[in-house]
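**Student:** I am attaching a structure below and will ask some questions about it afterwards.
Nothing in this text is a laboratory measurement; each read-out follows from the coordinates by a stated rule. Everything numeric here is computed off the predicted structure, so don't read it as measured data. Don't worry about glycine lacking a Cβ; one is built from the backbone with ideal geometry, like all the others, and counts go over all protein chains shown.
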Amino acid sequence: MYRTAFVVFALVCSVLAIPQAKVDENIWEKLEQTNNVNVLVTFKKANTKAAYDRFHSLRLTSREATLNAHYSILKDHADVVQADVTAMLRKIAPGKKHYLDVLWISNELIVRDADKEVIDMLRNHPDVDSLIAEKIIPLETVTHGNFSVLDENNIMNQWGVVNVRAPTVWENGNRGENVVIGIIDTGARVTHVALSDTYRGNPGSNHNYNWFAPAGQLPIPTDTHGHGTHVTGSAAATHGLGVAPGARWIACRGCAGAGCADLDLLSCGNWMACPTTTDNQSPNCSLAPRIVNNSWGGGQNNPWYNGIITAWRNVGIVPVFSVGNSGAIFCASVTSPGDQPGVVGVSSISENNQISDFTSIGPGPNVSQKPDVAAPGQDIISASHLYDDELHGLSGSSMAAPHVAGVAALILSNRPYLSVDEVVNALKTGAAPHTPLGRVCFERSDNQRPNFHVGYGRVDAVNSAR
C-alpha cells in the first residue's frame, strides 16, 4: 500500500513539475471582455528545420512535384507534433468545423473561439510552448478619389498601366497568359465586369481552390470594404484597368474590413502555398499561384511573416508587398513585411514619375535596400466593390504593389521557367528612372541607383518581360 501511494505521489509531482505554456497577457484581457478568443498555439517540438532539411535534400524536377513534396513533408511533420493537442480539442468540440486551423508551414495551430476552459487545457498541455492572442493590423490608409461608371464603348488604358508600358508587351502577344496571381486582401467583387473573366473560378463559378475565407467566413468571393477589389483590378483586370489582363487571379480574405487579423493572414499564407476547397479540405498544391500580392502591413523590422515568405519562395511564388504610407519625408518608414528580405517591397510614384508624398521610404532594417522598386500608386482608377460597372480612384502604396505583381506575371508568361530570384532580378534590372526631387536618405540621393525612395526605379514591363 505504501508503495502504491508513493507511485501515485511521484506521478502527481511529475505532472505538477511540467512547466505551463507561456500565455500572452492579452488573452486574459480579452477573456474578461468576451467569452471567446482566437489564439495561436506554438509547440515545443515544432522543429520545422528538420522538415525543411528533408525537403531541401530532394532532387525535384517539376514545380508540381516541388509543391506536393513541400506540403507533404511539412504537413506530415505538423500532424505528428500536434496530434495530442488536436485530438484533445476535437474531443471537447467535435461539432465545430472551423475550430482548428493547422498552420503546416510554421507548425503552429490556430484555435478559434477558445474559452477559458480551452485556454487552461492548452497551457497545461506538455506539448504546448506558448499561446499568443490574435492581433489586428490596420489596413494602410489610402486616399479616396471619385467614383465613375465604366464605359464599355470607350475603353481606355489607365495611366498606371501605360506608365509601366504593359500595352507594348500586350502588342507582342503577352498579356500574362498561363500565370496565376494570388491576392491576400479584403476580398474581391467577382461579378465586376472587369474581374469576372480573369477570375480562375470562371466560367462556372467554381470557388474551390480559387477563393478562401479563413474560419469559413464566406463561401463565395466577397468584398465589403473595396480595397481588395481595387487591388485585384490593377493586377489582372480587363478593360484597361489591369497590367496583366491575360493572367488569372485567386484570392484569400486576410482582411475582414479595415483591419487584418494576423491569424487570418497566416492562414491565407498557408492556403496560397497549397490551395484547398472553400471549407479548407482536399488540398491541391498544383493550383498554387506564381505571384502573391500583399497590399497590407504594419510595424517595422518584424519578421513574423517570414516563415510564409520563405515557404513561398521555396515553391516558386514571388512575394510582392507594399511598403506603407507613412510619408516620403520620413526616412526608414517602410513597414513589415514589406521591409523584410526576400520580398519585393514597392513604393508609390505619381503620374509625373515623382515619388508620392504619402509613400513610405527606406532604408529597411539595418540600412538594408528597401524599397526594391516603385510603381504607379497615386490616383489609380480600378474596379469598385459596390457595383459591377463602377470604377473608383484610390491612392496608396497598396495601389502600387499590384502593378508590380502584374509586371511579374508578364515576365513569367514569357519565361515560365524563371526562379523567384530571377523574376526579382528582372524587375530590378528592367526598372526605369523616376523623376528625382533631390531628396536624400542616409546619405543616398534619390538620383542614385538604387536609392531609398524608389529602389532600383519604376517598374518597366518592356525591359523586364523580354
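**Student:** Hand me the chymotrypsin sites (Phe, Trp or Tyr not before Pro) from segment 376-466 located in a DSSP loop with no more than 12 other Cβ atoms within 10 Å, in residue order please.
**Tutor:** Values: sites: Y387, Y417, F442, F452, Y456; in loops: Y387, Y417, F442, F452, Y456.
Within segment 376-466, the qualifying chymotrypsin sites (Phe, Trp or Tyr not before Pro) (loop, at most 12 other Cβ atoms within 10 Å) are Y417, F442.
**Student:** Among the listed pairs K22/K91; K22/K49; K44/K370; K22/K135, give every one whose C-alpha distance is greater than 25 Å.
**Tutor:** K44/K370
**Student:** Loop only by DSSP, 10 or fewer other Cβ within 10 Å of the Cβ. Give me the chymotrypsin sites (Phe, Trp or Tyr not before Pro) in segment 244-326 that pass, ordered by residue number.
**Tutor:** The qualifying sites: there are none.
**Student:** While we're here: For the charge dipole of segment 215-313, defined by +1 on Lys and Arg C-beta atoms and -1 on Asp and Glu C-beta atoms about the Cα centroid, which residue among G298, A258, P245 has the Cα displaced farthest towards the positive pole?
**Tutor:** P245
**Student:** What helices in the chain pass both tests, a Cα length along the helix axis of 20 Å or more and a mean Kyte hydropathy of 1.0 or higher, using whole DSSP H runs?
**Tutor:** Long hydrophobic helices here: 2-17, 397-414.
**Student:** Residue-wise, which Karplus ³J(HN,Hα) couplings in Hz belong to segment 332-348, taking 6.51 cos²θ - 1.76 cosθ + 1.60, θ = phi - 60°, and x for glycine or proline?
**Tutor:** Once rounded to whole Hz, the list reads 6, 10, 5, 9, 8, x, x, 9, 8, x, x, 10, 8, x, 10, 9, 10.
**Student:** A further question on this structure: Counting helices only, and only those DSSP H runs with n ≥ 4, report the 222 nm mean residue ellipticity of the chain as the sum of -39,500 (n - 2.57) divided by its residues, in deg cm²/dmol to the nearest 500.
**Tutor:** -9500 deg cm²/dmol
**Student:** Tell me the volume per residue, in Å³, of the convex hull enclosing the alpha carbons of segment 268-353. Working shown, then result.
**Tutor:** On the way: hull volume 10.2 nm³, N = 86.
It comes to 119 Å³ per residue, whole-number rounded.
**Student:** Right, here's the next one. How much FRET efficiency would the formula 1/(1 + (r/R0)^6) give for D84 and K116, where r is the Cβ-Cβ distance and R0 is 30 Å, rounded to 0.05?
**Tutor:** In this case the efficiency is close to 0.90.
**Student:** May I pose another question? Pop out the Kirkwood hydrodynamic radius of segment 185-228 from its pairwise C-alpha distances, inverse of mean 1/r, in Å to one decimal.
**Tutor:** It works out to 10.7 Å.
**Student:** Something else about it: Spelling out what I want: for every residue of segment 202-215, take phi, set θ = phi - 60°, compute 6.51 cos²θ - 1.76 cosθ + 1.60 (Karplus), and round to whole Hz; glycine and proline get x.
**Tutor:** Each residue's phi maps through the Karplus curve to give 10, x, x, 6, 8, 8, 4, 6, 10, 8, 8, 10, x, 6 Hz.
**Student:** Going by a ≥ b ≥ c, the root eigenvalues of the Cα gyration tensor, does segment 18-134 fall in the rounded group (a/c under 1.5), the prolate group (a/b larger than b/c) or the oblate group?
**Tutor:** Cα axes put segment 18-134 in the prolate bin.
**Student:** Long-range amide H contacts for V334: which residues qualify at under 5 Å (H placed 1.01 Å from N, peptide plane, sequence gap of 5 or more or a different chain)?
**Tutor:** I361
**Student:** Nearest 5 percent is fine: what portion of the DSSP beta bridges confined to segment 138-464 is antiparallel?
**Tutor:** Around 40 percent of the beta bridges assigned by DSSP in segment 138-464 are antiparallel ones.
**Student:** Follow-up question, since we're still on this one. Just going by the charge dipole of segment 18-134, with Lys and Arg at +1 and Asp and Glu at -1 on Cβ, which of V128, V39, W104 is farthest out on the positive end?
**Tutor:** Of the listed residues, the answer is W104.
**Student:** Here's another thing I want to ask about it. So what J values fall out for segment 360-368 if you push phi through Karplus, 6.51 cos²θ - 1.76 cosθ + 1.60 with θ = phi - 60°, rounded to Hz, Gly and Pro as x?
**Tutor:** 6, 9, x, x, x, x, 6, 6, 6
**Student:** Let me ask something else. Would segment 138-189 count as rounded, prolate or oblate if I go by the C-alpha gyration tensor, calling it rounded below 1.5 in a/c and otherwise prolate when a/b exceeds b/c, oblate otherwise?
**Tutor:** oblate
**Student:** Roughly how many Å is it from the Cα centre of segment 42-114 to that of segment 391-463, as a whole number?
**Tutor:** One Cα centre to the other: 35 Å.
**Student:** Just flag the GluC sites (Glu not before Pro) in segment 364-466 sitting in loop per DSSP whose Cβ has no more than 14 other Cβ atoms within 10 Å.
**Tutor:** Taking segment 364-466 and a limit of 14 other Cβ atoms within 10 Å, the loop GluC sites (Glu not before Pro) found are E443.
**Student:** Which shape class, rounded, prolate or oblate, goes with segment 145-265 when its Cα gyration tensor gives a ≥ b ≥ c as root eigenvalues, a/c under 1.5 marks rounded, and past that a/b bigger than b/c marks prolate?
**Tutor:** prolate
**Student:** Next question. Scan around V292 for amide H atoms under 5 Å from its own, H built in the peptide plane at 1.01 Å from N, and keep only partners 5 or more places away or cross-chain.
**Tutor:** Residues meeting the amide H criterion: G182, V318, V320.
**Student:** Another question about this same structure. Would you list K428, K91, K22 from fewest to most Cβ contacts within 10 Å?
**Tutor:** Ascending number of Cβ neighbours within 10 Å: K91, K22, K428.
**Student:** Dividing the Cα radius of gyration by the Kirkwood radius, what Rg/Rh value follows for the chain?
**Tutor:** Ratio of gyration radius to Kirkwood radius: 1.02.
**Student:** So what is the relative contact order for the chain, in percent, with contacts set as C-alpha pairs under 8 Å and at least six apart?
**Tutor:** 16
**Student:** Separate question: Let's see if you can work this out: charge +1 on each Lys and Arg Cβ, -1 on each Asp and Glu Cβ, no other charges. What is the dipole magnitude of the chain about its Cα centre, in debye to the nearest 20?
**Tutor:** Using Cβ point charges on Lys, Arg, Asp and Glu, the chain gives about 1260 debye.
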